[in-house]
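S.K.: Before we start, here is the structure in question, set down as structure tokens.
The values are calculated or read from the model by the stated rules, or taken from the named source; none is laboratory data. Since the model is a prediction, treat every value here as computed from it, not as a measurement. Heads up, the Cβs are rebuilt from the backbone with ideal geometry, glycines too, and the neighbour counts pull from every protein chain shown. To get the accessible areas, we keep the full protein, side chains included, count just its heavy atoms, and leave off ligands, DNA and RNA. Shrake-Rupley method; radii C 1.70, N 1.55, O 1.52, S 1.80 Å.
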Amino acid sequence: MKRIFTSAFVLTGLAFAPGFSTAQEAAIYSGMDRIHPAWAKNGMVVAQEAVAARVGRDILEAGGNAVDAGAAVAFALAVTLPRAGNLGGGGFMVIHDAESGDTKALDYREMAPSTADRDMFLDDEGNADSNKSRFTGLATGVPGTVAGMQMALEQYGTMTLAEVLAPAIRLASEGITVTADLADSLIGLENRLKAWPSSEAIFYKEGGAFFEPGDTLVQTDLAATLQKIADEGVAGFYEGETAQKIVDAVAAAGGRISMEDMANYEAIMREPVTGTYRGYEIVSMPPPSSGGIHIIQILNTLEEYPIGWLGSNSAETIHLMAEAMKRAYADRSEYLGDPGFYDVPQAELISKAYAADIREGISRSRATPSQEIKPADLTPYESDQTTHFSIVDKDGNAVSNTYTINFSYGSGMVADGTGVLMNNEMDDFAAKPGVMNAYGLIGGDANAVEPGKRPLSSMSPTLVMKDGAVYMVTGSPGGSRIITTTLQLIMNVIDHGMNIAEATEATRIHHQWLPEVLRVEEGLSPDTIALLEARGHDVQVMETMGSAQSILVDAEEGLLLGGADTRQTSSLAVGY
Ligand code: DON
């Protein structure tokens, strides 16, 4: 952290850069660091889409707290980042209340309908049919976002649902300026969206032509749906006309969500999962996310190695990280699922003693083949389609939120007449034991489909605490890579002393046990790759992973430092 202020300006006592009144401010802009974070003194929002980030900043500046801003950003992203922001999906929000010192984990994950059954995604021969779990009405779980935002506001907010919905309603009805990012994604996802006339009518021009950057995209039906929620509360979405349109559209696409399923949906306020790493406290999302448990498990495993000394992205460090990751993902396949249906052995998985056992099986010089790694014997007791945002307000409250409709634009289907894109989150269940989902993840009983159950997720909104106060707010999209991306943000700051912008930009790596591939981004040196291959890793350089949007709190300097991920063109860290 200190590094951002030890610039030439501070060290040599040169005059501050023009326009800056303190050494600190000048240093942020003129320091010798590779990459600079954004900074603010009072409140900050970091999100994957700039218009929505500014909506949140405006709310903070007008006196709203982090949760007010969080709900407003979530609704705004449903308009400005339709491929991931949503009303028709679900997610998780970790909320820190500075006054009480309490942190809670809000679960607004989608839920399987009451008529779901274990074999619903099998074909006549008993094979898993991925088309059914991804691109039909059966793919859609009962959406949780609206109920989630309502619960967050009710318990921690200061504003009403109608107040935080207002910016989103305006953006949907007046229209947004199409960015290059949005235009590109609509070209890329043409087939998925044009499969549904209701989607084509919104996201393409007359005759199916593409929107160009600079065009205006108006979403009239979505504006009306948002307005109904503002007027009627959650009942405006989960009951009555909107719910009926969603139920009808899902049924017409072969699915089975009922009006009762909609009306019965409830968000759940849970206790977060917590651990420690080199003196910091890690507070993250518990099941039905696998993220918090496995981030803590991997950190526990790595804590006894001198990671900082071994160096960022050195072959030794990457080897140890990959070995720890493989073992965690093996356990994920066996032990993680909705805790309302399956007894997740959380305490064992996050214990330091279990991490010590894991380390005994790790060789410093040789990759253990994945087939030799099995889930431990414990006694039970697609790229950028999800989105994360981080918020800290002037009082030190924090929101770490990741939400999704799973694939880019979900199943592709807008429920006709609502403007709402429906999720295909049911694919996150194990359609059949041992059969991979879209992210190559496998599972068994713990994550089998059951009525009313929530599919296992990797979304990992996380807080890192220091001396009881929020130090870091982070998280990312990226399917199975969410866990490892978020892990690396934490390690880059704690082990490698990077500032939050450097930690965000650094080349990422990922191993998920199966497939047996050490996936890396562009940017590792060929010699590092050769050293990893010599240890037995199958290293594959592939496209970028994740879109981390993080804040670091520098309590000493009284600054909020933002890292918006430049892997996405419209990311923004903005404060006041
Ligand atoms: O909940 C999960 O783990 C997935 N549905 C997240 C999907 C995702 O991150 C897509 N973006 N790459």
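S.K.: Report yes if Ile350 is under 24 Å from the mean Cα position of the chain (by Cα) and of a type in the set (A, V, I, L, M, F, W, C), otherwise no. Spell out how you get there, then give the answer.
M.R.: Details: under 24 Å from the mean Cα position of the chain (by Cα): yes; of a type in the set (A, V, I, L, M, F, W, C): yes.
Considered against the rule, which asks whether it is under 24 Å from the mean Cα position of the chain (by Cα) and of a type in the set (A, V, I, L, M, F, W, C), Ile350 comes out as yes.
S.K.: For the stretch 159-194: of the residues being part of a loop (DSSP other than H, G, I, E, B) and hydrophobic (A, V, I, L, M, F, W, C), which is nearest to Ala84 (Cα to Cα)? Show your work before the answer.
M.R.: Going through the stretch 159-194, the residues part of a loop (DSSP other than H, G, I, E, B) turn out to be 159-160, 175, 178-179, 189.
If we keep only those that are hydrophobic (A, V, I, L, M, F, W, C) as well, we get 159, 178, 189.
Details: Met159: 24, Val178: 15, Leu189: 13 Å.
The residue in question is Leu189.
S.K.: A further question on this structure: Only one residue in Asn401, Asn406 is at pLDDT 95 or above, under 16 Å from the mean Cα position of the chain (by Cα) and not in a loop (DSSP other than H, G, I, E, B). Which one? Spell out how you get there, then give the answer.
M.R.: Details: Asn406 fails: not in a loop (DSSP other than H, G, I, E, B).
Selected residue: Asn401, the only one of Asn401, Asn406 that is at pLDDT 95 or above, under 16 Å from the mean Cα position of the chain (by Cα) and not in a loop (DSSP other than H, G, I, E, B).
S.K.: Of the residues that sit in the stretch 197-216 and are in contact with a strand residue (DSSP E or B) (Cβ under 7 Å, 6 or more places away or on another chain) and closer than 24 Å to Ala253 by Cβ, which one is surrounded by the fewest Cβ atoms within 10 Å (Cβ to Cβ)? Break it down stepwise before answering.
M.R.: The initial filter retains those residues of the stretch 197-216 that are in contact with a strand residue (DSSP E or B) (Cβ under 7 Å, 6 or more places away or on another chain), namely 198-199, 202, 211, 214, 216.
If we keep only those that are closer than 24 Å to Ala253 by Cβ as well, we get 198-199, 202.
Numbers: Ser198: 20, Ser199: 25, Ile202: 18.
The selected residue is Ile202.
S.K.: Answer yes or no as to whether Thr404 is over 21 Å from Gly475 (Cβ atoms), buried (at least 24 other Cβ atoms within 10 Å of the Cβ), touching an Asp or Glu at 6+ places or on another chain (Cβ under 8 Å) and not hydrophobic (A, V, I, L, M, F, W, C). Outline the logic, then answer.
M.R.: Values: over 21 Å from Gly475 (Cβ atoms): no; buried (at least 24 other Cβ atoms within 10 Å of the Cβ): yes; touching an Asp or Glu at 6+ places or on another chain (Cβ under 8 Å): yes; not hydrophobic (A, V, I, L, M, F, W, C): yes.
Criteria not met by Thr404.
S.K.: Would you mind telling me which numbered condition in (1) away from the ligand (no atom under 16 Å from the Cβ); (2) farther than 24 Å from Ser370 by Cβ; (3) of a type outside the set (D, E, K, R); (4) open to solvent by less than 10 Å² (accessible area, probe 1.4 Å) His496 fails?
M.R.: With respect to (1) away from the ligand (no atom under 16 Å from the Cβ); (2) farther than 24 Å from Ser370 by Cβ; (3) of a type outside the set (D, E, K, R); (4) open to solvent by less than 10 Å² (accessible area, probe 1.4 Å), His496 is out only on (4).
S.K.: Would you say Glu502 is under 24 Å from Ser460 (Cβ atoms), open to solvent by less than 20 Å² (accessible area, probe 1.4 Å) and out of contact with any helix residue (DSSP H, G or I) (no Cβ under 9 Å at 6 or more places or on another chain)?
M.R.: Values: under 24 Å from Ser460 (Cβ atoms): yes; open to solvent by less than 20 Å² (accessible area, probe 1.4 Å): yes; out of contact with any helix residue (DSSP H, G or I) (no Cβ under 9 Å at 6 or more places or on another chain): no.
Judged against the criteria, Glu502 is not a match.
S.K.: Taking the condition of being within 30 Å of Leu189 (Cα to Cα) and in contact with a strand residue (DSSP E or B) (Cβ under 9 Å, 6 or more places away or on another chain), how many residues in the stretch 77-117 meet it?
M.R.: 24
S.K.: Still on this structure: Does Gln540 meet the test of being part of a helix (DSSP H, G or I) and either crowded, with 18+ Cβ neighbours inside 10 Å or not acidic (Asp, Glu) (or both)? Walk me through how you get there before you give the answer.
M.R.: Numbers: part of a helix (DSSP H, G or I): no; either crowded, with 18+ Cβ neighbours inside 10 Å or not acidic (Asp, Glu) (or both): yes.
No; evaluated as a whole, the condition is false for this residue.
S.K.: Give the stretch 113-136 a look and list any residue that's touching a Ser or Thr at 6+ places or on another chain (Cβ under 8 Å) and within 18 Å of Gly412 (Cβ to Cβ), or say none.
M.R.: Answer for the stretch 113-136, where residues must be touching a Ser or Thr at 6+ places or on another chain (Cβ under 8 Å) and within 18 Å of Gly412 (Cβ to Cβ): Phe121, Arg134, Phe135, Thr136.
S.K.: Something else about it: Give me the helices (runs of 4 or more DSSP H) completely within the stretch 282-383, filtered to those with at least 1 residues that are surrounded by 16 or more Cβ atoms within 10 Å (Cβ to Cβ) and of a type in the set (D, E, K, R), ordered by residue number.
M.R.: Working: elements: 291-302, 307-310, 315-335, 346-349, 352-360.
In the stretch 282-383, 315-335, 346-349, 352-360 are the helices (runs of 4 or more DSSP H) which contain 1 or more residues that are surrounded by 16 or more Cβ atoms within 10 Å (Cβ to Cβ) and of a type in the set (D, E, K, R).
S.K.: Same structure, new question: Could you identify the single residue in Ala367, Ala322, Ala356 that is within 28 Å of the chain's Cα centre (by Cα) and among the small types (Gly, Ala, Ser)?
M.R.: Working: Ala367 fails: within 28 Å of the chain's Cα centre (by Cα); Ala356 fails: within 28 Å of the chain's Cα centre (by Cα).
Result: Ala322 is the single residue among Ala367, Ala322, Ala356 that is within 28 Å of the chain's Cα centre (by Cα) and among the small types (Gly, Ala, Ser).
S.K.: Taking the stretch 468-492, which residues are out of contact with any Asp or Glu (no Cβ under 9 Å at 6 or more places or on another chain), over 13 Å from His388 (Cα atoms) and not hydroxyl-bearing (Ser, Thr, Tyr)?
M.R.: Ala469, Val470, Met472, Arg481, Leu487, Gln488, Leu489, Ile490, Met491, listed by residue number.
S.K.: Can you find, within the stretch 435-484, the residue that is surrounded by the most Cβ atoms within 10 Å (Cβ to Cβ) among those that are among the small types (Gly, Ala, Ser) and within 10 Å of the ligand (Cβ to nearest atom)? Don't jump to the end; show me each part of the working.
M.R.: Step one: filter the stretch 435-484 for residues among the small types (Gly, Ala, Ser), giving 438, 440, 443-444, 446, 448, 452, 457-458, 460, 468-469, 475-476, 478-480.
Now drop any that are not within 10 Å of the ligand (Cβ to nearest atom), which leaves 438, 457-458, 460, 476, 478-480.
Details: Ala438: 17, Ser457: 29, Ser458: 30, Ser460: 30, Ser476: 35, Gly478: 29, Gly479: 26, Ser480: 21.
In this case the residue turns out to be Ser476.
S.K.: Can Glu271 be described as open to solvent by 10 Å² or more (accessible area, probe 1.4 Å) and within 30 Å of Leu349 (Cα to Cα)?
M.R.: Details: open to solvent by 10 Å² or more (accessible area, probe 1.4 Å): yes; within 30 Å of Leu349 (Cα to Cα): yes.
Yes.
S.K.: Within the stretch 118-134, take every residue that is in contact with a strand residue (DSSP E or B) (Cβ under 7 Å, 6 or more places away or on another chain) and in a loop (DSSP other than H, G, I, E, B) and give me the one that is farthest from Asn406 (Cα to Cα).
M.R.: Taking the stretch 118-134 as the starting set, the residues that turn out to be in contact with a strand residue (DSSP E or B) (Cβ under 7 Å, 6 or more places away or on another chain) are 118, 121-122, 128-129.
Filter once more, keeping what is in a loop (DSSP other than H, G, I, E, B): 118, 121, 129.
Working: Arg118: 20, Phe121: 17, Asp129: 17 Å.
Result: Arg118.
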